[in-house]
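**Student:** Let me give you the structure first, and then I'll get to my questions.
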Amino acid sequence: MKYITPDLCDTYPEQVSAAAPGFRNFGGESSFGGEVVTVKCFEDNSRVKELVDEDGSGKVMVVDAGGSMRRACLGDMLAEKAVKNGWEGIIMYGCVRDVDILATLPLGVQALGAHPMKTDKKGIGEVNVPVTFHGVTFEPGSYVYADNNGIISSLVPLSMPE
């Protein structure tokens with residue numbers, strides 16, 4: 001489904017929170033949304049790697065990577081697994097890499113930037129805990145919608161206005 005965040009904000013102004021600007025689209029899908037699954041990690045994408053192997057149908061992974069601009073917590077191999085397992089998208093409060101390949105995949109990917117260095121794999125990180133960045137708290141089981149206009153969060157699912 002194609003989501004238009006300004007239309008959702010206009011239709012549901014009391015039900016949405018908009019993240020502050022700063023994210024860029026890197027994936028092949030510029031519009032995406034779904035139920036939130038959160039990861040909190042810092043320069044270690046072990047939990048992201050575990051989650052992309054799970055069924056992600058109707059879900060968006062929201063990763064609080066601490067805003068790190070020193071390592072990429074998502075690259076082409078993990079993104080390809082996410083596509084294979086039905087994830088709608090990944091929002092990365094941090095960096096991604098392999099951006100030319102990410103742009104060809106049928107996956108929504110938003111991140112702060114790109115960086116060529118991979119992360120360490122120490123098994124550190126938390127899954128399904130509330131994460132807060134860019135002025136919004138993302139709760140596991142809530143909903144997130146993203147497009148070229150920005151990222152919004154809602155505690156309830158939203159549908160595009162007619």
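The values are calculated or read from the model by the stated rules, or taken from the named source; none is laboratory data. Computed from a predicted structure; not experimentally measured. Neighbour counts run over all protein chains shown; Cβ positions are idealised from the backbone, glycine included. Accessible surface is based on the protein model in full, side chains and every heavy atom, while ligands, DNA and RNA are left aside. Shrake-Rupley method; radii C 1.70, N 1.55, O 1.52, S 1.80 Å.
**Student:** Looking at region 118-133 only, could you name the residues that are open to solvent by less than 50 Å² (accessible area, probe 1.4 Å) and not in a strand (DSSP E or B)? First the steps, then the outcome.
**Tutor:** Step one: list which residues in region 118-133 are open to solvent by less than 50 Å² (accessible area, probe 1.4 Å), which gives 119, 123, 125, 129, 131, 133.
The answer is THR119, GLY123, GLY125, VAL129.
**Student:** Could you check region 107-117 and list, in sequence order, the residues that are surrounded by 13 or more Cβ atoms within 10 Å (Cβ to Cβ) and assigned to a loop (DSSP other than H, G, I, E, B)? Steps first, answer last, please.
**Tutor:** Start the filter on region 107-117 by keeping residues that are surrounded by 13 or more Cβ atoms within 10 Å (Cβ to Cβ), which leaves 107-115.
Those that are surrounded by 13 or more Cβ atoms within 10 Å (Cβ to Cβ) and assigned to a loop (DSSP other than H, G, I, E, B): LEU107, HIS115.
**Student:** Condition test on ASP7, is it among the acidic types (Asp, Glu) and either open to solvent by less than 10 Å² (accessible area, probe 1.4 Å) or farther than 24 Å from PRO157 by Cα (or both)? Reasoning before the result, please.
**Tutor:** Values: among the acidic types (Asp, Glu): yes; either open to solvent by less than 10 Å² (accessible area, probe 1.4 Å) or farther than 24 Å from PRO157 by Cα (or both): no.
So ASP7 does not fit the description; no.
**Student:** Follow-up. Criterion first (open to solvent by less than 70 Å² (accessible area, probe 1.4 Å), part of a strand (DSSP E or B), at pLDDT 95 or above and over 21 Å from PRO157 (Cα atoms)) does ALA79 satisfy it?
**Tutor:** Working: open to solvent by less than 70 Å² (accessible area, probe 1.4 Å): yes; part of a strand (DSSP E or B): no; at pLDDT 95 or above: yes; over 21 Å from PRO157 (Cα atoms): yes.
The answer is no for ALA79.
**Student:** For the condition buried (at least 18 other Cβ atoms within 10 Å of the Cβ) and in contact with a helix residue (DSSP H, G or I) (Cβ under 7 Å, 6 or more places away or on another chain), what is the one hit in GLY89, GLY27, GLY33?
**Tutor:** Numbers: GLY89 fails: in contact with a helix residue (DSSP H, G or I) (Cβ under 7 Å, 6 or more places away or on another chain); GLY33 fails: in contact with a helix residue (DSSP H, G or I) (Cβ under 7 Å, 6 or more places away or on another chain).
GLY27 is the lone residue from the list that is buried (at least 18 other Cβ atoms within 10 Å of the Cβ) and in contact with a helix residue (DSSP H, G or I) (Cβ under 7 Å, 6 or more places away or on another chain).
**Student:** Residues that are under 17 Å from PHE138 (Cβ atoms) and either of a type in the set (Phe, Trp, Tyr) or more than 15 Å from the chain's Cα centre (by Cα) (or both): list the strands (runs of 3 or more DSSP E) wholly contained in region 1-75 that include at least 1 such residues. Don't jump to the end; show me each part of the working.
**Tutor:** Numbers: elements: 16-18, 32-40, 59-64, 72-74.
Ranges flagged: 16-18, 32-40.
**Student:** I've got another one for you. What is the number of the single condition among (1) of a type in the set (Lys, Arg); (2) free of Cβ contacts under 8 Å to residues at least 60 places away in the same chain; (3) touching a helix residue (DSSP H, G or I) at 6+ places or on another chain (Cβ under 6 Å) that ARG97 does not meet?
**Tutor:** (3)
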